[in-house]
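Heads up, the thing below is written out as structure tokens.
The values are calculated or read from the model by the stated rules, or taken from the named source; none is laboratory data. What you see is a predicted model, and the numbers here were worked out from it, not measured in a lab. Don't worry about glycine lacking a Cβ; one is built from the backbone with ideal geometry, like all the others, and counts go over all protein chains shown.
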Amino acid sequence: MTINRRAALRQLAIFSVGSALLPSCLGSHSKPDWVLKNFTVTGDQQDMLNLVSSTLLPTTGTPGAAETGATAFICKMLDDCMSGQDQQTFFKGLHQLDVASTKACGKRFAAATPGEREALLTAIGERKAAGHDLTFFYATARRLTIQAYTTSPYFLTKVQVYELVPGRWHGCVPLKQQPGAAS
């Protein structure tokens, strides 16, 4: 059987593309890592941060922290506004949250029920769970979750309508005279 150069190049191209795509078809389909300037957030860490923020501000009749993008906000603020040491402490605390959940509930934080998650976070907030890294993680995650929610488009358009400074001007408003004041 004879083969010409075009057929050989075509078969080589098909083989190359197939071998490049095969690992993506066979591998696990977890969330992709977020690569930021100073650190990388894995899919498991994204899920944990999402669970923490949605436990702090759950979805009720209004969108919660998960729907307003709190996890991405937390990661971006950590990357842009915190020192490398604080970033390491934050992620050590995130890992210690899983360890504390295993001690308290007998299961990882992601596998715990919403009530167990809330009880664990309350205990950490009241400093009943030991560990500087864990306390730092909770305080930072709580502060950034609230900041993410209160600066979200939903909050600023539906809950507290934002007006640009200086606000509205009411030009022709009659002044009321105070009793006993000189005119």
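Exactly one condition in (1) more than 27 Å from residue 65 (Cβ to Cβ); (2) part of a helix (DSSP H, G or I); (3) small (Gly, Ala, Ser) is not met by residue 180; state its number.
It is condition (2) that residue 180 fails.
Quick one: how many residues across region 142-154 are surrounded by fewer than 17 Cβ atoms within 10 Å (Cβ to Cβ) and under 20 Å from residue 60 (Cβ atoms)?
Going through region 142-154, the residues surrounded by fewer than 17 Cβ atoms within 10 Å (Cβ to Cβ) turn out to be 143, 146-147, 150-151, 153-154.
Filter once more, so that each one left must be under 20 Å from residue 60 (Cβ atoms): 146-147, 150-151, 153-154.
Total meeting the criteria: 6.
Give the residues of region 52-82 that are closer than 14 Å to residue 94 by Cα and within 9 Å of the chain's Cα centre (by Cα), sorted by residue number. It would help to see each step written out before you state the result.
Residues of region 52-82 closer than 14 Å to residue 94 by Cα: 52-53, 71, 74-75, 78.
Those that are closer than 14 Å to residue 94 by Cα and within 9 Å of the chain's Cα centre (by Cα): 52, 53, 71, 74, 75.
Specify which of the listed residues (178, 88) is under 23 Å from residue 54 (Cα atoms), out of contact with any Leu (no Cβ under 8 Å at 6 or more places or on another chain) and without any contact (Cβ under 8 Å) to a residue 24 or more places away in the chain. Before the answer, list the steps.
Details: 178 fails: under 23 Å from residue 54 (Cα atoms).
Just a single option satisfies the conditions, and that option is 88.
For region 32-71, which residues satisfy the criterion of being in contact with a strand residue (DSSP E or B) (Cβ under 8 Å, 6 or more places away or on another chain) and touching a residue at least 24 places away in the same chain (Cβ under 8 Å)?
Within region 32-71, 34, 41, 46, 49 meet the criteria.
Give the residues of region 139-159 that are under 11 Å from the mean Cα position of the chain (by Cα) and among the basic types (Lys, Arg), sorted by residue number.
Listed by number, the list holds a single entry, 142.
State whether the residues of region 72-88 include one that is hydroxyl-bearing (Ser, Thr, Tyr), outside any helix (DSSP H, G or I) and closer than 18 Å to residue 36 by Cα. Walk me through how you get there before you give the answer.
Just the residues of region 72-88 that are hydroxyl-bearing (Ser, Thr, Tyr), to begin with: 83.
Okay, now just the ones that are also outside any helix (DSSP H, G or I), so 83.
Filter once more, keeping what is closer than 18 Å to residue 36 by Cα: 83.
Within region 72-88, one or more residues are hydroxyl-bearing (Ser, Thr, Tyr), outside any helix (DSSP H, G or I) and closer than 18 Å to residue 36 by Cα.
Which of the following residues is among the β-branched types (Val, Ile, Thr), surrounded by 10 or more Cβ atoms within 10 Å (Cβ to Cβ) and at pLDDT below 85: 17, 52, 41? Quick ask: steps written out before the conclusion?
Values: 52 fails: at pLDDT below 85; 41 fails: at pLDDT below 85.
Residue meeting the stated conditions: 17.
Confirm whether residue 102 is hydroxyl-bearing (Ser, Thr, Tyr) and in contact with a Lys or Arg (Cβ under 8 Å, 6 or more places away or on another chain). Write out each step before concluding.
Details: hydroxyl-bearing (Ser, Thr, Tyr): yes; in contact with a Lys or Arg (Cβ under 8 Å, 6 or more places away or on another chain): yes.
In short, yes.
Keeping to region 98-120, report how many residues are outside any helix (DSSP H, G or I) and touching a Ser or Thr at 6+ places or on another chain (Cβ under 8 Å).
Qualifying residue count for the region: 3.
Limited to region 106-134, what total is found for residues that are crowded, with 17+ Cβ neighbours inside 10 Å and at pLDDT 90 or above? Steps first, please.
Initial filter on region 106-134 (crowded, with 17+ Cβ neighbours inside 10 Å): 109, 112, 116-117, 120-121, 124, 129, 131, 133-134.
Those left that are additionally at pLDDT 90 or above: 109, 112, 116-117, 120-121, 124, 133-134.
The qualifying residues number 9.
Can you name the residue in region 135-183 that is at pLDDT below 95 and of a type in the set (Lys, Arg) and, of all such residues, is farthest from residue 88 (Cα to Cα)?
Ranking the qualifying residues of region 135-183, first place goes to 176.
Checking the structure you have, find out if any residue of region 56-66 is at positive phi and surrounded by 15 or more Cβ atoms within 10 Å (Cβ to Cβ). I'd like the intermediate steps shown before the answer.
Taking region 56-66 and keeping what is at positive phi, we get none.
No - not one qualifying residue is present in region 56-66.
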